[in-house]
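Heads up, the thing below is written out as structure tokens.
Bear in mind that the values in this text are calculations on the coordinates, not laboratory data. Just so it is clear, the model here is predicted, and its values are computed rather than measured. Quick reminder, even Gly has a Cβ in these numbers, built from the backbone with ideal geometry, and neighbours come from all protein chains shown.
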Amino acid sequence: LQGVDVAGLHLHLEVNGKVRQSSPTSLMLFSVPVLLQYVKAHFPVVPGDVVLTGTPHGVSKLAAGDVVVAQVRSGERVLSTGTWTVK
């Protein structure tokens with residue numbers, strides 16, 4: 001993420017069009033660089049890997065047929081989007 005302030009990213013999650021979670025990386029207990037340093041020291045990491053570390057408030061159950069949309073944003077710019085349908 002060259003040129004992107006990882007401390008200023010925003011993680012956003014919707015389920016069936018309703019916001020479930022939305023929080024900036026600046027509120028994480030450990031900074032993104034510290035987390036990545038730890039992961040890289042203990043596991044092989046290659047481009048395209050996703051590192052999941054926990055979750056902000058808003059956790060709840062998913063049901064079959066739910067559509068989940070996750071985004072990583074930098075300001076108004078969407079850096080990445082993933083969409084899944086729960087089976």
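Data for the structure
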| read-out | value |
| --- | --- |
| Amide H contacts of Arg20 (H built 1.01 Å from N, under 5 Å, at least 5 apart or other chain) | Leu13, Glu14, Val15 |
| 3J(HN,Hα) from dihedral phi, the stretch 76-87, Karplus parametrisation 6.51/-1.76/1.60, rounded to Hz, x for glycine, proline | 8, 8, 8, 8, 7, 9, x, 10, 9, 10, 6, 9 |
| Integer Hz, Karplus 6.51/-1.76/1.60 couplings in order for the stretch 43-51, x for Gly and Pro | 9, x, 10, 10, x, x, 5, 10, 10 |
| Distant-in-sequence amide H partners of Asp66 (H built 1.01 Å from N, under 5 Å) | Val86 |
| Full-stretch length increase - Lys18, Tyr38 - with 0.36 nm per residue and alpha-carbon distance subtracted | 3.9 nm |
| Helix-only mean residue ellipticity at 222 nm for the chain, each DSSP H run of n ≥ 4 adding -39500 (n - 2.57), per residue, nearest 500 | -4000 deg cm²/dmol |
| Residue-wise HN-Hα coupling along the stretch 8-18, computed from phi with Karplus coefficients 6.51, -1.76, 1.60 (Hz; x: Gly, Pro) | x, 6, 10, 9, 10, 9, 10, 10, 6, x, 10 |
| Positive-end residue, the chain charge dipole about Cα centroid, Cβ charges, pick of His42, Trp84, Met28 | Trp84 |
| Loop-located trypsin sites (Lys or Arg not before Pro) in the stretch 28-80, at most 11 other Cβ atoms within 10 Å (DSSP) | Lys61 |
| For the chain, size of Cβ-based charge dipole, Lys and Arg +1, Asp and Glu -1, in debye | 180 debye |
| Percent RCO, i.e. relative contact order, over the chain, from Cα pairs under 8 Å lying at least 6 residues apart | 33 percent |
| GNM top mover of Val46, Val19, Val34 - the chain, alpha-carbon springs below 10 Å | Val46 |
| Nearest 10 degrees, 0 to 90: helix 32-42 Cα axis against the chain principal axis | 80 degrees |
| FRET efficiency estimate (nearest 0.05) - Cβ-Cβ, Leu29 to Glu76, R0 22 angstrom | 0.25 |
